[in-house]
1. Condition test on Pro197, is it in contact (Cβ under 8 Å) with a residue 24 or more places away in the chain, more than 29 Å from Ser38 (Cβ to Cβ) and of a type outside the set (D, E, K, R)?
2. Kindly evaluate Ala163 against the criterion of being farther than 25 Å from Lys49 by Cβ and either assigned to a loop (DSSP other than H, G, I, E, B) or free of Cβ contacts under 8 Å to residues at least 60 places away in the same chain (or both).
3. Give Arg184, Arg216 a once-over and let me know the one that is within 30 Å of Leu33 (Cβ to Cβ), without any contact (Cβ under 8 Å) to a residue 12 or more places away in the chain and outside the structural domain of Gly42 (by TED's automatic domain parsing).
4. Answer with yes or no whether Arg109 is over 18 Å from Ile55 (Cβ atoms), of a type outside the set (S, T, N, Q) and either buried (at least 19 other Cβ atoms within 10 Å of the Cβ) or assigned by TED's automatic domain parsing to the domain that holds Thr27 (or both).
5. Yes or no: Val177 more than 15 Å from the chain's Cα centre (by Cα) and either closer than 17 Å to Leu26 by Cα or part of a strand (DSSP E or B) (or both)?
6. Tell me yes or no: at least one residue of region 202-209 is touching a residue at least 12 places away in the same chain (Cβ under 8 Å) and touching a helix residue (DSSP H, G or I) at 6+ places or on another chain (Cβ under 8 Å).
7. It is to be established whether one or more residues within region 36-55 are part of a loop (DSSP other than H, G, I, E, B), over 21 Å from Ile145 (Cβ atoms) and of a type in the set (S, T, N, Q).
8. Residues Trp158, Trp136, Trp102, Trp122: which one is of a type in the set (Phe, Trp, Tyr), more than 30 Å from Arg193 (Cβ to Cβ) and either within 17 Å of the chain's Cα centre (by Cα) or assigned by TED's automatic domain parsing to the domain that holds Ala18 (or both)?
Amino acid sequence: MIVTLEDRAVLRIGGADAAAFLQGLLTQDVEALAPGGSAYAGLLSPQGKALFDMILFREAGEAILIDVAAARAEALAKRLTMYRLRKAVTIAPDAAVVLAAWGNDAEGRPADPRAADLGARWLGAAGQAPAGAEAWARHRLDAGIPDSADIGSDDLLWLETGADLLHGVSFTKGCYVGQENTARMHHRDKVRRRLLPVALGGDPGEATAIVDAAGRSIGTLRSHADGLGIAYLRVEAAAGPLACGCAPVTVRRKAWAEPALAEIFSA
């Protein structure tokens, strides 16, 4: 299936300093991104919390295109403008749209940089494929991958979103906003809460709090549909049993999250 993600927008960062400008702000090694390549990245607060998650696409020239949630595009442009100062950088909306494909239709197309299970993701002209944000959201829930709706803004620390397991941070690139706390969590192995894929054994209704067998709150349910969802959980409680409202909750051991779960489930 090939669709246009109508809930995403594209910003164009141009000018001679574009790559160097983003290099000092984002979690990803922007200067190492080859023309035609893509990468997952975040813009963080100084405390290391995710303000914006995005996918970068580097063109053959100087420009770098940013695929970001449409509802957050204007705020991201304003934030980047605040950091621009006297750098030779332009920041503007772009006419490109975000396209995604999965199944057989993903073959031979640019891979989503987060995980192979998501299929393909690239930029193109409007009108090439029908709107399909809802269908894609169900697909990525099946793959068990968090997205902007789960991450929010200024809520979760970047590594709590799973970014370290989804190729969304470079630990060798040098300084960026929020680097100190992010690097400290990584090197001390202190990521105690994470966004994780879950299966729901019923309808949680309006409930969002996830509790353990003793009734203690250990997390919250984020996006979900058709019995699958993403939850923000205390990792040590992932083996369960868990519940959200009257619905049993089971953590799904997807390959991308296995490094965070293997020790918990083998205990």
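1. Details: in contact (Cβ under 8 Å) with a residue 24 or more places away in the chain: yes; more than 29 Å from Ser38 (Cβ to Cβ): no; of a type outside the set (D, E, K, R): yes.
No; evaluated as a whole, the condition is false for this residue.
2. Working: farther than 25 Å from Lys49 by Cβ: no; either assigned to a loop (DSSP other than H, G, I, E, B) or free of Cβ contacts under 8 Å to residues at least 60 places away in the same chain (or both): yes.
Answer is no for this residue.
3. Details: Arg216 fails: within 30 Å of Leu33 (Cβ to Cβ).
Going through Arg184, Arg216 in turn, just one is within 30 Å of Leu33 (Cβ to Cβ), without any contact (Cβ under 8 Å) to a residue 12 or more places away in the chain and outside the structural domain of Gly42 (by TED's automatic domain parsing): Arg184.
4. Details: over 18 Å from Ile55 (Cβ atoms): no; of a type outside the set (S, T, N, Q): yes; either buried (at least 19 other Cβ atoms within 10 Å of the Cβ) or assigned by TED's automatic domain parsing to the domain that holds Thr27 (or both): yes.
Taking the combined requirement at face value, the residue does not satisfy it.
5. Details: more than 15 Å from the chain's Cα centre (by Cα): yes; either closer than 17 Å to Leu26 by Cα or part of a strand (DSSP E or B) (or both): yes.
Spelling it out, Val177 is indeed more than 15 Å from the chain's Cα centre (by Cα) and either closer than 17 Å to Leu26 by Cα or part of a strand (DSSP E or B) (or both).
6. Start the filter on region 202-209 by keeping residues that are touching a residue at least 12 places away in the same chain (Cβ under 8 Å), which leaves 202-209.
Now drop any that are not touching a helix residue (DSSP H, G or I) at 6+ places or on another chain (Cβ under 8 Å), which leaves none.
Within region 202-209, none of the residues are touching a residue at least 12 places away in the same chain (Cβ under 8 Å) and touching a helix residue (DSSP H, G or I) at 6+ places or on another chain (Cβ under 8 Å).
7. Yes, there is a match, as at least one residue in region 36-55 is part of a loop (DSSP other than H, G, I, E, B), over 21 Å from Ile145 (Cβ atoms) and of a type in the set (S, T, N, Q).
8. Details: Trp158 fails: more than 30 Å from Arg193 (Cβ to Cβ); Trp136 fails: more than 30 Å from Arg193 (Cβ to Cβ); Trp102 fails: more than 30 Å from Arg193 (Cβ to Cβ).
Of Trp158, Trp136, Trp102, Trp122, the one residue that is of a type in the set (Phe, Trp, Tyr), more than 30 Å from Arg193 (Cβ to Cβ) and either within 17 Å of the chain's Cα centre (by Cα) or assigned by TED's automatic domain parsing to the domain that holds Ala18 (or both) is Trp122.
The values are calculated or read from the model by the stated rules, or taken from the named source; none is laboratory data. Keep in mind that this is a model prediction, so the values were computed, not measured. Because the Cβ atoms are built from the backbone with ideal geometry, glycine has one as well, and the counts that use them run over all protein chains shown.
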